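The values are calculated or read from the model by the stated rules, or taken from the named source; none is laboratory data. Source: prediction; values computed, not measured. Using ideal geometry, Cβ is built from the backbone for each residue, glycine included, and neighbour counts are taken over all protein chains shown. Surface accessibility is based on the protein's heavy atoms, side chains included, excluding ligands, DNA and RNA. Shrake-Rupley method; radii C 1.70, N 1.55, O 1.52, S 1.80 Å.
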Amino acid sequence: MPKRYTITAALPYTNGPIHIGHLAGVYVPADIYARYLRLKGNDVAFICGSDEHGVPITIKAKKEGVTPQDIVDKYHAIIKSSFEEFGISFDNYSRTTSKIHHKTASEFFKTLYEKHEFVEEVSEQLYDAEAKQFLADRFVIGTCPKCGYEEAYGDQCENCGTSHNATDLINPKSAITGNTPTLKETKHWFLPLNKYQDFLQEWILKGHKKDWKPNVYGQVKSWIDDGLRPRAVTRDLDWGIPVPIEGAEGKVLYVWFDAPIGYISSTKEWAEREGKNWEDYWKNKDTTLIHFIGKDNIVFHCIIFPAMLKAEGSYILPENVPANEFLNLEGNKLSTSKNWAVWLPDYLKEFPNQQDVLRYALTANAPETKDNDFTWKDFQARNNNELVAIFGNFINRVVVLTNKYYNGVVPEPSKFSETDNAALNEMKAYPAVISSAIERFRFREASQELMNLARLGNKYLADEEPWKTVKTDEERTKTIMYVALQIASALSILSEPFLPFTSKKLKGILKSSELKTELTWDAVEANNVLLPAHHTIGKAELLFTKIEDSAIQLQLDKLEASKKANEAAQSTVEPQKAQINFDDFTKLDLRVGTILEAEKMPKTKKLLVLKVDTGIDVRTIVSGIAETFSAEEVVGKQVTVLVNLAPRKLRGVESQGMILMTEDEQGKLVFVNPDKADQVANGLKIS
């Protein structure tokens, strides 16, 4: 019996185009799932839209000297067009700057506010006096309090994945001016996640969610076990949805609160256009809700958004949240700032009409359980050795021989041999096998089972050799070709979720639209006759074409150019800072010191705790040099120490000075040593 599904795909930020990491992590698997469910006759709403209120958008706008609206208008159009050309079959792709979304998000907030679900607090937030604004989320960069990563954002560390508040960062800096921010009081509204601790523990940990992916379940369990804390739902920003209550002037809804409501507003937009009731897809307990996301969004979709829905009271909760890991590129982490990426708009221009090749390569190498690596050589091999040599080769041989022997007419079979029946029975088993993999969100496995069906067809033809039997046994040849055509027809149906353009083209070659009955997923499993005898097919067309080495080298050259550009940028001498007076310089007290002891700070990658004899005293200094120097090799080394720097705590240890360091031409840290021919006395003043 058909079921109703609401499938959401993470809303992409409109501060840049889509790249292969986004596709592999979220959009290709979500599209496979949606297409499959439709083929099974289910009622599906596949929903997405642009997330247009994130802080990265305002940062992008400042850098480009334009308004945030200019940025989102530009990239919303690029992203939507790219998705359409790539074949992502959203039922609706909306945007969070739309009127319907502003209305929906505002009403959602007001409902929770009127139910007294928020906690109002006046707290100290980081403030940039020069920029004259509070610093939310990505306006702050500092050292992660958990792993010591020195470029963590104010809301999340991209190194260890921990979510936190900007005030938790060690040594925070404003991303706007580079200044050290101050603390200033401001009022905000918080969603008390701790109130939903028991509910989430019961629903996820004690409930039936152990069928969730291990990475999802594990991250959620860690958060719940740590104890949930209130989370702000408002921010001091001038870009976003205004908080719709009195006393909240100058504040907007925090993007993590606003963005997931975008799924609901996009569904409303679609339902209004299609004459449907949107509540059937969000408030009916017979509807299955599935969120497709990347692993950096697990907490928001498994803890925060469900808590919001539970607080509102009338919404269904997600049945599953299949999150993929990250996709790397040629051995390195994808980086938009370093242009280390394969951008979808570029791919569509440089590989015209080859959308399915990328879809297949990303699915066959999907980062479902661990981070995986995309390489252009693997992409080429997947195309040439699998799509061309297996799938395309089988279809081409079947269609060419049918036209050659029977003028394109499906022959009437005679007696079926054991081999024929075995091939047909194996063909009929594939829908269930592929369904099982898809329904367990194992799309990589499912894609390989599809390729195994093409292998079955190739092996069948190779074993039965119709090009030989046509000379000796005409009736046998008819049966062979009839069976091969059924496998080809099965491929045209079962490939649709994975290779939609190929499926459409193959159905055109087989003239499936001229059949009296529609070919469905279940039809492959139900009977042996997909293409009946006397049906006429079309002429042969290549489904896939070989990708030459030159095309791959062009892509590798582009990446190499990006690498060199980044190296050049990193090696560029920094510009001179603002002038200072001589009196400012004389305030610095630089002394020669000797490192007496050193040890690695636990649970950090970069920090060493040093005991340094400065001549004045022996003091503790925490230095971020552990990735370059071991504790053993720095003991006994003479160094230059800024001794009158105000002490500050790093990971609970008070650092009472600074070791002067710089980088060599290779970017390696080196000590700024005293200019000496022989050892000099500790405490010698450098002037």
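Being open to solvent by less than 50 Å² (accessible area, probe 1.4 Å), more than 30 Å from GLN380 (Cα to Cα), touching a helix residue (DSSP H, G or I) at 6+ places or on another chain (Cβ under 9 Å) and acidic (Asp, Glu) holds for only one residue in GLU496, GLU525, GLU518, GLU464, and it is GLU464. In region 306-316, is there at least one residue being farther than 26 Å from CYS157 by Cα, part of a loop (DSSP other than H, G, I, E, B) and open to solvent by 40 Å² or more (accessible area, probe 1.4 Å)? Yes: region 306-316 contains one or more residues that are farther than 26 Å from CYS157 by Cα, part of a loop (DSSP other than H, G, I, E, B) and open to solvent by 40 Å² or more (accessible area, probe 1.4 Å). Under the condition of being under 30 Å from ALA484 (Cβ atoms) and in contact with a His (Cβ under 8 Å, 6 or more places away or on another chain), the residues counted in region 343-393 number 0.
To keep it simple, each residue is scored yes or no on (1) under 28 Å from ILE290 (Cβ atoms); (2) acidic (Asp, Glu); (3) in a helix (DSSP H, G or I); (4) in contact (Cβ under 8 Å) with a residue 24 or more places away in the chain.
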residue: ALA361; (1), (2), (3), (4): yes, no, yes, no
residue: GLU386; (1), (2), (3), (4): no, yes, yes, yes
residue: ALA389; (1), (2), (3), (4): no, no, yes, no
residue: ILE395; (1), (2), (3), (4): no, no, yes, yes
residue: ASN403; (1), (2), (3), (4): no, no, yes, yes
residue: ALA422; (1), (2), (3), (4): no, no, yes, no
residue: ILE434; (1), (2), (3), (4): yes, no, yes, yes
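If you go through region 164-195 and keep only what is assigned to a loop (DSSP other than H, G, I, E, B), closer than 26 Å to PHE300 by Cβ and not aliphatic (A, V, I, L, M), you end up with HIS164, ASN165, PRO181, PRO192. Scanning region 77-97 for residues that are small (Gly, Ala, Ser) and either open to solvent by 20 Å² or more (accessible area, probe 1.4 Å) or at positive phi (or both) gives ALA77, SER81, GLY87, SER89.
The requirement of being open to solvent by 20 Å² or more (accessible area, probe 1.4 Å), assigned to a loop (DSSP other than H, G, I, E, B) and modelled with pLDDT under 90 is fulfilled somewhere in region 555-573, by at least one residue.
A quick yes/no check of all residues on (1) in contact with a helix residue (DSSP H, G or I) (Cβ under 7 Å, 6 or more places away or on another chain); (2) surrounded by fewer than 17 Cβ atoms within 10 Å (Cβ to Cβ):
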| residue | (1), (2) |
| --- | --- |
| HIS188 | no, no |
| ASP211 | no, yes |
| SER222 | no, yes |
| ASP225 | no, yes |
| GLY247 | no, yes |
| LYS251 | no, no |
| PRO260 | yes, no |
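Looking across region 210-242, the residues that are part of a helix (DSSP H, G or I) and over 22 Å from the mean Cα position of the chain (by Cα) come down to LYS210, ILE224, ASP225, ASP226.
Residue-wise test of (1) open to solvent by 30 Å² or more (accessible area, probe 1.4 Å); (2) touching a residue at least 12 places away in the same chain (Cβ under 8 Å); (3) outside any helix (DSSP H, G or I); (4) touching a helix residue (DSSP H, G or I) at 6+ places or on another chain (Cβ under 6 Å).
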| residue | (1), (2), (3), (4) |
| --- | --- |
| ASP31 | no, yes, no, no |
| TYR36 | no, yes, no, yes |
| GLY41 | yes, yes, yes, no |
| ILE47 | no, yes, yes, yes |
| SER50 | no, yes, yes, yes |
| HIS53 | no, yes, yes, yes |
| PRO56 | no, yes, no, yes |
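Quick grid of which residues meet (1) farther than 22 Å from PHE441 by Cβ; (2) crowded, with 19+ Cβ neighbours inside 10 Å:
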residue	(1), (2)
ASN328	no, no
GLY331	yes, no
ASP346	yes, no
TYR360	no, yes
PRO367	no, yes
ASP371	no, no
PHE379	yes, yes
